[in-house]
Amino acid sequence: MTTSTTPAPIIVREVGLRDGLQSIATVLATERKLDWIEAAHAAGQREIEVGSFVPARHLPQMADTARVLAHARTLPGLKASVLIPNLRGAQAAIEGQAHLMLLPLSASHAHSLANLRRTPDEVVTEMARIRAERDASGSATLIEGGVGTAFGCTLQGEVRPGEVLRLMQALLDAGADQVSLADTVGYADPQAVMRLFEQALRLAGDRFCGGHFHDTRGLALANVHAAVGLGVRRFDASLAGIGGCPHAPGASGNAATEDLVFMLEAGVHDTGIDLPALLALRQQLVDWLPGETTHGSLWRAGLPRTFARASQGLATAVSQGRAQAHQPGRSTT
Ligand code: ZN
């Protein structure tokens, strides 16, 4: 919790390679994904969701996940996670020695049936099977249960907080090592985040591991800020804010990684991430995805001259020359 005078480090997990890429038309070549992961790692990112083990006929963008995961596993200190929709996906994640596999559960019954073809309680049952499989295999792959549409749903409308918390408890009881909350369609606001996350933290304690916010209505950063105030220390984000949701019309992607890191570092939370390097990678990604809509604000004007990276200490201002030299421009590669 935020009792110390020194703000705690915060983990920003990159999910653009999964949540972002699965929702856009362009299929990014495997080599580009490997380049992305290497550059993100070089910029200091230490948790990356590298893909999902879903049938290739459903998501051709994710067909190379095993190969991408294998490469990510070679980078020192990098935690490579994958999304899994079911036991079969879990078997692939265990086989590929993912550090973490995330089983999504939609608290909205309508979204769950449309997206996962299962009721939420059937997903809880699948979690129990996955936990049994993981334990029987002797695998070290951690299991995260991600409760999505936690603040409402485009298909169902209201999702009751009591149902969100019931399902979170059920996932824990079924064997999830950790649980998280996701605002899949961008319905959350800071007040709602404070109410629900406070209860989730009380329920799950140390096993509550983070938040996942979409910026559909421009509140992703405000929602992260609200959760940080409660002591949450891990958030998902997507470089250039790419992505959306196939079942959420008009949805934009996750919080843009670069903007989120900027907000956290400006608030002197150390993320371990080199922002100029991340901005250069953002430009690279934009070049790789011609015609795709990207988001975010920081890239437009670059870092302020007064910006000091949290890990360099409050007193150390980035020199004007360095900040200018790293200003991203259209020509940056
Ligand atoms: Zn998402």
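3J(HN,Hα) couplings calculated from phi for the stretch 38-48 with the Karplus curve 6.51 cos²θ - 1.76 cosθ + 1.60 (θ = phi - 60°) are, in sequence order, 5, 5, 5, 5, 5, 7, x, 6, 10, 9, 9 Hz; Gly and Pro show x. Ignoring solvent entirely, what values of log10 I(q)/I(0) come out of the Debye formula for the stretch 186-248 at 0.15, 0.16, 0.17 Å⁻¹ when each Cα is a single scatterer? So the normalised log intensities work out to -0.45, -0.51, -0.57.
Remark on residue 308: its backbone amide H falls under 5 Å from those of 318, a criterion applied only to residues 5 or more positions apart or on other chains, H modelled at 1.01 Å from N.
Given their separation in residues at 0.36 nm each and the Cα-Cα distance between them, residue 58 and residue 288 gain 80.5 nm when the chain is fully extended.
Output needed for the chain: three equivalent-ellipsoid semi-axes, defined as square roots of 5 times the C-alpha gyration tensor eigenvalues, in descending order, whole Å.
Values: eigenvalues 178, 102, 73 Å².
Each semi-axis is √(5λ); the values are 30, 23, 19 Å.
Residues whose amide H falls under 5 Å from that of residue 156, counting only those 5 or more places apart or on a different chain, are 111, with hydrogens built in the peptide plane. Overall, the chain carries a charge dipole of about 200 debye about its Cα centre when +1 sits on the Cβ of Lys and Arg and -1 on the Cβ of Asp and Glu, all other atoms neutral. Sequentially through the stretch 262-276, phi angles give Karplus couplings (6.51, -1.76, 1.60; θ = phi - 60°) of 4, 4, 5, 5, 5, x, 6, 8, 6, 9, x, 9, 7, 5, x Hz, Gly and Pro residues having no value and appearing as x. Distant-in-sequence amide contacts of residue 47, defined by a placed amide H-H separation under 5 Å and a gap of 5 or more residues or a different chain, comprise 14, 79.
Adding -39500 (n - 2.57) for every DSSP H run of four residues or longer, then dividing by how many residues the chain holds, sets the calculated 222 nm ellipticity at -11500 deg cm²/dmol. Among the protein heavy atoms of the chain, carbon and sulfur supply 52% of the accessible surface, probe 1.4 Å, non-protein parts ignored. Out of every Cα-Cα pair that the stretch 15-74 contains, those further apart than 14 angstrom amount to 50 percent.
Here the relative contact order of the stretch 76-125, from alpha carbon pairs under 8 Å that lie six or more residues apart, stands at 32 percent. DSSP assigns beta bridges within the chain; of those with both partners inside it, close to 5 percent run antiparallel. Stretching residue 195 away from residue 137 to a fully extended chain increases their span by 17.0 nm, per 0.36 nm per residue minus the current alpha-carbon distance. Of the residues 93, 130, 65, the one whose Cα sits farthest towards the positive end of the charge dipole of the chain is 65 (charges of +1 on Lys and Arg Cβ, -1 on Asp and Glu Cβ, taken about the Cα centre). Structural descriptor for the stretch 11-302: relative contact order 19 percent, calculated from alpha carbon pairs under 8 angstrom and at least 6 residues apart.
Rolling a 1.4 angstrom probe over the protein heavy atoms with all chains in place gives the chain an accessible area of 41 Å² per residue.
The values are calculated or read from the model by the stated rules, or taken from the named source; none is laboratory data. On a predicted model such as this, the values are computed, not experimentally measured, just so you know. Ideal geometry is used to build each Cβ from the backbone, glycine not excepted, and the neighbour counts take in all protein chains shown. Side chains are part of the model used for accessible areas, which takes the heavy atoms of the whole protein and leaves out ligands, DNA and RNA. Shrake-Rupley method; radii C 1.70, N 1.55, O 1.52, S 1.80 Å.
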